[in-house]
Each structure stands twice: as structure tokens, then as C-alpha cells.
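Trainee: There's a structure below that I have some questions on.
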Amino acid sequence: MSSRRRNYDDDDEDNYPSRKRRRFSAEPKEIEDRLESLIVRVGDKSTSSLESNLEGLAGVLEADLPSYKAKIMRILGECVTRLPEKTTIYTTLVGLLNVRNYNFGGEFVELLVKGLREALKSRKFEDARVTVRFLADLVNCHVISAGSMINFLQALADVSGETGIPQVRADFYVYTVLCALPWVGRELYEKKDNELDHLLRMIDDYISKRHKVHLPSLKVWQSSIPHVQEEYLDCLWAQINKLRSDKWMEHHILRPYLAFDGVLCEALQHSIPTMVPPPHQDGCSYPFPSVVFRLFDYTDCPEGGPVLPGAHSIERFLIEEQIRRILQQQYLNRKECAAVFLSYPGKHKIPLEYVIVEVMLSELFKLPVVTFPEICLGSLFLELCKLQPSTMPQVLAQAVELMYERLDTMNIDCANRFSNWFAYHLSNFQFRWNWDDWSDCISLDPLHPRPVFIRETLAKCMRLSYHQRIVDLMPEGFSNLLPLKPITLCKYEQEGAEALPGTVASQQLLGALKERCTAEEALLVIKDLPNPLQEDDVEPTHNPLKIDVFVQTLLKYADKSFSHAFAAVAKYHTVLKVLSTSEEAQICILRSMFDLWHCNQQMMVGLVTKFLKAKVVDSSSVANWLFSKEMASEFPKFYIWEILHLTIREMIRHVTKFQKQVEESKKKLQSQNDAMEEDDDDEDSNHEKPSEEMIEEMEEKLDTTQSELKNLFLIIFQRFIMLLTEHIARCEAEGIDFNNFWFKSTLGRLQEVFFAASRASVQVCGYPGIPVVHQRHRSSHPVCIPAVLCSESISVICRKTLYFLFIPTSHIKYFSSILTWSLFIRICILLMHQTPNFGKSDAMVMKTQTMKNLPKK
């Protein structure tokens, strides 16, 4: 007896009646906490069987229903969305309680439907999806009737027939219905076969007619060899059709209710309350479409081991969904996440390491933006390699080899992420890799994706180590791909520098800096330098010689580390502000910085970031500098785009900051006015009270910053279109194909900017994206999807640029219409190269349609 009693105390999953006997003396709060612990932990590892634990827990909860029904229902309702991996366990528990207490079953179904409505209204779409799946599984436990469930699913699928809605809304509801079918399909097939066929025909009709213009932009690889990169809804529909052909029999879902079928079948069933999905609201952001990432198939797995389910088997979908859910829940704790991954139930039936690697890489390469921080996924890979050293490193190495072979068609943004992750991963394994296997890249075009990938990976490795170590690790044949030694090259200290006009001033300034001179004293040193731009009649806006001497000398003096450089910029910030009075002057500062530090990409990235935050240069100056002819040789290098995107992010951060200030000030003013109306005698002067004038000033700053952000994107778009048109014209004049590696890479970079512009237009400016009306649902109002969800063809890219170009806004103060129309003309020229019949009338129609379809603001 004593040993049995110890088991009861130590094992929370065993012998529920024993706890019931000890509960009479407990306080209500203790009882509620104990109930929560029992419910949440059911199904965890235990010495008793799951069936006995469920039966015991059902008995305990039945006894407590009279006093704690609300508490029990609330806990179970939270478990539905927070522990979806235990769906069948909790549906079995609800089924057992429904047998013993019919009213409880009905009230719990109503609670779930109420929670579903609230989740849809509050746009918690993932919670809504798993709730629908839970309701579907209750049919298997005889809690909900099959007829009621088919009507419920039909009501959700009917959203696809609504008019004037964005396609992503219909996609979500159809996807939600399809996700529930693996759990309840067999029951519906046996009891409501005709109604199920009608539902599937309607879904088939919708899927066959939906737009998929977003598909090319979201693919990791543009080639369908060796694996087709399928759109997520198409892939799931194919998997459901395969399940349907197998008579709805799957072999993955754990179904503990089968052990209680003799008991559950005697229960009275409930009907789902009428469920009408909430109507669409402007500005509602539905889940983004995606492309299913495929890297492995069964031929890549070791012979004699578990077989990887096929791409269109429902088991592949269910396993990947569970792995992805674990990642979403545990990603902040890499050790716990890796342990949960490797203890996955049924891991001996599947090649678990291959599935984990594929799912994690799909998240790393997710477009348009990665969901999890890249460093988080990288550290999780490391933890998996530590816990499973016999298999995980080999599977990762195999994945790297496969991705390297397919770099030719890989999205440039994904190749960038691949390079970042691979360098980080190598840094944790002493940079060891069999580089000789990749020696084929040495003879390829320098702009071919493979040598570009290796060059950029080595540059990132040097950031995590030092130059000589990387040189020593690489075979001799890779010398052309090695990063430059990160040294400074000050023109005023080179051989023959005596003939340069600024050398004497540079030496004097260096001496003053070593003496810790003030900003005013530094200005005096360079005060008398001549201006090479000086003319008799025109006063130049800046002195490039002064700028070059000061910037090169200052940064050379502080070249020991990032800290030295940043401290120097901070100390002599006043001088830099005096010198950077115009955009041309700011570009001169960036050029001087590049001339000195062009051998160290990481330092240039850090200095540009510092200049932007210190307001030494503007974002538009950085963009113009990056696209200048002097930077043409650097254009294919990844650090250029790192600088461009940090510039965009910094500009968006400024706009967001001003938006938040305006919103908070308005709320404070409104709350103070309301308080004054309620109590005129209350005079609290301890808090700063924003006035109408203060809010107007803030709104003016916000308007100005929004205009600068739009001007930044317009400059970038203009430079891209100029580069592309000039490239096409040059190639046609030389009689060569313009669609080379440089052209494909540049298009990929332009797509990245569109991703950023789309996020900025939604987040900052409030514009939802490019107007695209669903083919089936023509309406008087344009239906918009995000701008990133468009194909990457030249014509579509040009039309996307036109859309952004002609967005009407009252905030444009720093942007000339000449820029707008010159860009418009260049776009039309570019279209003429792609569309033979494109002419002047077509250009005007494009402008008219773009203006007409803009969302009302």
C-alpha cells in the first residue's frame, strides 16, 4: 500500500480517484489549480496508459462539474488553442464528459463557437483554424453530429463565393476547411457522402479559378526540377484528393477515442450553433499565401530506414504542421525546442531529421519575410547537432550540398540568407568544410550564383573570425574569391600623396586630432582649403576637398575598431553637420568613407548606420550613392543591399516613431478633455498636457518624414529602372542576351525593395497594395492584395512601380514631378522591349487605370 501511495503522490497522471479523496480539505483556489494541472498535463509521459488516465480524469472532472463547471470549461477552451498537438486527447475527454453530462457537452460546443467568432473578429486566424479542427474531431467522439458539421464547414467554405473581397480572405476559409478534413473526413464520408462531395466540388471550382500571380515571387527556386514548388493551397488540395482516393484513411493521427467507441456511441449528439463568418473589413490583414518548400524526397533518405512520406500524402502535411507548431511555441528556448523535436511521437516511423531540417529551412527561406530571427534558427540547428551528433550534422551537410547545386535558380534574397546562416554555422565548427568539392565554381562566370555565394560566405566568415584564418583555411584555387584584407587606404598617406592639394592639411589635421582638438579647432585647420568647384559666378553648395580631407583623416585616425570610429564621429559630429549641408556634400562624405574603407565591408555598414542615426547623411543620399557609377563594381555584392535595407528600415523607424507620438498625444489630450468634463475642479499639473499646437507640429513632422520615405522609394525605383533599361539597350546594341546573371540578380533585388515598399505602404502610409480584382468577383470597388504578391516579370514590375509612383498624397514636398514623369517614360521604354505592341496609347491607359484603381484614402 505504501508503494502505491507513493506512486499516487509522484505521478500526476495516475489514479485520479485518490486525489478526489484528498480534496475535501483543500481550499477552492487549490482545487482550481489542481484541476488546471490535471487537465493541462493529461497525455504527457506517464507510467499508466493514456486511456486509463483519460477515464480517471473524466471521473474527477465529472464529480467537480457542479462546483467548478465554468473553471473546467475555461481551461479546456484554452487548451484547444494553446495545446493543439493534444487535440484528439481533449476531444476524447470532452466526449467522455458528454456521455456522463449531456448539458456540459452542449455548453462546451457553444463556448467553442463563441471563441471562434471572437478569434475571427480579433483576427487571430491561427486560433480560429485550430478551433475549427477541434470541432471537427468532436464528430469522431459523438459530441457533434455529422450533419451539423457538414453544414458548418459549408458555411465557412461559402465565403469563397462572396463578392468584393480580397482573395486572401477566401483562401483562409477554404484552407481552414481543408485542414479539418483529415480529422473528420472518414466520418463524413460514411454518413454524409453526398454533402461531402458537394462541398469538395465547390472547393475544387474555387481553387481552379483563383489568382496565382504571387506564385513566382514567393518561390525559393524558380525551377520545378527536381521538386515542384507548389502554392500552399494547391498542395493541400492535392493531398486531400489523395486522401479521398484512399477512402479517407490516414495513418498518422493518434485517435484515443477509438478505445472508448463502445461508450461514446451511446451519447446524445449536439448541433453546432449557426455560424456566420464576420464580414470583411477594409484594412484586415489575412494570412499571407506561401509556397511549400521541398528539398528532400524518399530517394535522399538512407536505404533501410524509415520512408519519407510523398509530397502529396496527407501524412507529410500533418507531420510538417506539427513540427512547425513546435517551432512556433518553443523557438525562444532552443534547448527545449530541440529536445521536443527529437522526442517527437512516432519518430521511428519517419526520417525525423530530414523532416525537421526541411521545415526549418522552409522557415529560413520564407518569402517575403522570415517569420523567426535568422540567428534563432541558426542556434537551433547547432543545438540539434549537439543532441543528435550521429545523424543531424550529416543531414545538414546533405541539405547544404543540395541547395548549393540549385543555386542557379535560387531567389537572391534566399541565397543571401543561405550565405548568412552557412557562415554562422561554419563559425561554430571551426570553419571546416570540404571546399575542394566546390572547386568547379572557380572556372565559372564571376557573377554566377555559385562563386558569388562562396565569395559572400567567406566575407561573412571573416566577420566572425579574422582575415588570415580564412586565407589559411581555403585551398589555393579559391584566391580570387577570398575577401580583401580589411585595411584602410588613406590617399593622403600613399606614395606620391605630396602632389595632392589636401595632403598638408590632412597631416596638420591628424596632428590636431592626436592632440585631442575640439570640433571648432578642426574646422579651422581645413578652413582655407580651396574649393575645386569654385567658379566666378556660381557659389558651390559644398567643398569636396574639405570633406575628403576631413573624413579620410578622421576615419584613418580612428581606424582601430568600431568603438574608435563611432566615438570619433560622435565627437566631431558638429564638423560633419557643417560639411554635409546638401545632398551632394553627403554623397561626398560617403565616397570618402568608401575610398578609405572599401576593403572592409562590415566597417562600411557600421559607419553608414552611424551616419544615418547621427543625421550626418539622409536616406536619399545613401540611395543615390549606392546606385552611382562609382559603385557599379560593388553593385552585385551583398553588403550593398545590406546597407540599402538598413537605410529603408531606419527611415521606416522614424516614421513609426512619429506616428506613435502623434497617436499617444491625441489619446492624452482626449483623456484629459474627458477628465475635465467629469471634474472641472481637478487641476493636476504634474503631467505634461499636449496642446493642439504641439500635436499639429508633430503631424507636420510626420508628414515630412512620410514624404521623405516615399521619396526614398521613388529614387530607388528610378535608379533600378534606369539600370535595367540601359542594360537592355547595351545588350541589344552588342547583340547579346540581356537576361544574364546580372539582370536576374538585379530583378531579384528590385523584388526585395518591393517587399519593403509594400510593408511600408501598409505599415506607414496605409495603402494596401496593388489593386487586383478577383476574376470571379468584379465589383465597383478595387480589391487589393499586398504588392509583394505579384509575379516577377518585367511588365508586372513596371506596373507595380507605376502604382507606387502615382499614389496621390498631399505630403509630397521634396519630390519633383519631373522625376515622376522621367521614371514613367523609362518604364514605358522598358515595357516596349518586353511587349511588342506596347505604344504611347497603352502608356496613357496604364496611367489612367492606375489612378482609377487607387484605393480611396
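Trainee: Considering only residues of the range 620-658 that are of a type in the set (Asp, Glu) and either under 20 Å from the mean Cα position of the chain (by Cα) or over 19 Å from SER582 (Cβ atoms) (or both), which is surrounded by the most Cβ atoms within 10 Å (Cβ to Cβ)?
Mentor: Out of the qualifying residues, it is GLU642.
Trainee: Let me confirm something: among LYS347, LYS335, which residue is surrounded by fewer than 17 Cβ atoms within 10 Å (Cβ to Cβ), modelled with pLDDT of 90 or more and of a type in the set (D, E, K, R)? Talk me through it step by step, then tell me what you get.
Mentor: On the way: LYS347 fails: modelled with pLDDT of 90 or more.
None of the others qualify; the one that does is LYS335.
Trainee: Another one. Mind checking which pairs have a first residue in the range 602-625 that is within 12 Å of ILE648 (Cβ to Cβ) and a second that is basic (Lys, Arg), Cβ under 8 Å, 6 or more apart or different chains?
Mentor: That search, which allows pairs on different chains as well, returns ALA623/ARG719.
Trainee: Oh, and also: When the range 442-454 is examined, which residues are found to be without any contact (Cβ under 8 Å) to a residue 40 or more places away in the chain and surrounded by 20 or more Cβ atoms within 10 Å (Cβ to Cβ)?
Mentor: Listed by number, the residues that qualify are PRO451, ILE454.
Trainee: Scan the range 179-194 and tell me whether some residue there is in a loop (DSSP other than H, G, I, E, B) and open to solvent by 10 Å² or more (accessible area, probe 1.4 Å).
Mentor: yes
Trainee: Please work out which one of (1) in contact with a Cys (Cβ under 7 Å, 6 or more places away or on another chain); (2) under 24 Å from GLN751 (Cα atoms) is the condition PHE422 fails and give its number.
Mentor: Condition (1) is where PHE422 drops out.
Trainee: Could you pull out every one of the helices (runs of 4 or more DSSP H) wholly within the range 212-300 that has 3 or more residues that are open to solvent by less than 50 Å² (accessible area, probe 1.4 Å) and on the phi < 0 side of the Ramachandran plot? Quick ask: steps written out before the conclusion?
Mentor: Numbers: elements: 215-218, 232-245, 261-264.
Hits in the range 212-300: 215-218, 232-245.
Here's the yes/no breakdown for (1) within 30 Å of LYS242 (Cα to Cα); (2) open to solvent by less than 50 Å² (accessible area, probe 1.4 Å):
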| site | (1), (2) |
| --- | --- |
| ALA311 | yes, yes |
| LEU352 | yes, yes |
| GLU374 | no, no |
| GLU383 | no, yes |
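Trainee: Let me ask something else about it. Among ASP413, ASP436, which is buried (at least 20 other Cβ atoms within 10 Å of the Cβ), more than 23 Å from THR299 (Cα to Cα) and of a type in the set (D, E, K, R)?
Mentor: Just one listed residue meets the conditions, ASP413.
Trainee: Going by the conditions given, is THR488 surrounded by fewer than 15 Cβ atoms within 10 Å (Cβ to Cβ) and of a type in the set (S, T, N, Q)?
Mentor: no
Trainee: Further, regarding this structure: Mind telling me which of the residues ASP33, ASP64, ASP44 ends up being outside any helix (DSSP H, G or I) and acidic (Asp, Glu)?
Mentor: Residue meeting the stated conditions: ASP44.
Trainee: Using the structure shown, decide if LEU709 is under 25 Å from the mean Cα position of the chain (by Cα), modelled with pLDDT under 90, within 23 Å of LEU607 (Cβ to Cβ) and open to solvent by less than 30 Å² (accessible area, probe 1.4 Å). Before the answer, list the steps.
Mentor: Numbers: under 25 Å from the mean Cα position of the chain (by Cα): yes; modelled with pLDDT under 90: yes; within 23 Å of LEU607 (Cβ to Cβ): yes; open to solvent by less than 30 Å² (accessible area, probe 1.4 Å): yes.
Considered against the rule, which asks whether it is under 25 Å from the mean Cα position of the chain (by Cα), modelled with pLDDT under 90, within 23 Å of LEU607 (Cβ to Cβ) and open to solvent by less than 30 Å² (accessible area, probe 1.4 Å), LEU709 comes out as yes.
Trainee: VAL168 fails exactly one of the following numbered conditions: (1) within 22 Å of GLU85 (Cβ to Cβ); (2) surrounded by fewer than 24 Cβ atoms within 10 Å (Cβ to Cβ). What is the number of that condition?
Mentor: All conditions are met except number (1).
Trainee: Let me ask something additional. Of the numbered conditions (1) at pLDDT 95 or above; (2) β-branched (Val, Ile, Thr); (3) open to solvent by 20 Å² or more (accessible area, probe 1.4 Å), ILE150 fails exactly one; give the number of that condition.
Mentor: So the condition that ILE150 fails would be (3).
Trainee: Only one of these conditions is not met by ALA505: (1) under 46 Å from the mean Cα position of the chain (by Cα); (2) surrounded by 12 or more Cβ atoms within 10 Å (Cβ to Cβ). Which number is it?
Mentor: (1)
Trainee: What number of residues within the range 116-144 satisfy the criterion of being open to solvent by less than 30 Å² (accessible area, probe 1.4 Å) and either in contact (Cβ under 8 Å) with a residue 60 or more places away in the chain or under 32 Å from the mean Cα position of the chain (by Cα) (or both)?
Mentor: Matching residues across the range 116-144 total 19.
Trainee: Please work out which residue is surrounded by the fewest Cβ atoms within 10 Å (Cβ to Cβ), limiting yourself to the range 533-565 and to residues that are in contact with a Pro (Cβ under 7 Å, 6 or more places away or on another chain) and outside any loop (DSSP other than H, G, I, E, B). So that I can check it myself, show each step before the final result.
Mentor: As a first pass, look at the range 533-565 and keep what is in contact with a Pro (Cβ under 7 Å, 6 or more places away or on another chain): 533-534, 544-545.
Next, from what is left, pick out any that are outside any loop (DSSP other than H, G, I, E, B): 544-545.
On the way: PRO544: 21, LEU545: 19.
Ranking the qualifying residues of the range 533-565, first place goes to LEU545.
Trainee: I'm trying to understand the selection: among the residues of the range 55-90, which are under 19 Å from GLU126 (Cα atoms) and of a type in the set (Gly, Ala, Ser)?
Mentor: GLY77
Trainee: Being under 37 Å from the mean Cα position of the chain (by Cα) and more than 18 Å from GLU36 (Cβ to Cβ) is true for just one of THR92, THR81. Which residue is that?
Mentor: Going through THR92, THR81 in turn, just one is under 37 Å from the mean Cα position of the chain (by Cα) and more than 18 Å from GLU36 (Cβ to Cβ): THR92.
Trainee: Right, another one. Which number in (1) out of contact with any Leu (no Cβ under 7 Å at 6 or more places or on another chain); (2) open to solvent by less than 10 Å² (accessible area, probe 1.4 Å) marks the one condition that GLN602 misses?
Mentor: Result: GLN602 fails condition (2) only.
Trainee: Hey, another quick one. Determine which single condition ASP44 fails, assuming it passes every other condition in (1) open to solvent by 60 Å² or more (accessible area, probe 1.4 Å); (2) modelled with pLDDT of 90 or more.
Mentor: It is condition (2) that ASP44 fails.
The values are calculated or read from the model by the stated rules, or taken from the named source; none is laboratory data. On a predicted model such as this, the values are computed, not experimentally measured, just so you know. For neighbour counting, all protein chains shown are included, and Cβ atoms are generated from backbone atoms with ideal geometry for every residue, glycine included. For the accessible areas, the whole protein counts, side chains as well, though only heavy atoms, and no ligand, DNA or RNA atoms are used. Shrake-Rupley method; radii C 1.70, N 1.55, O 1.52, S 1.80 Å.
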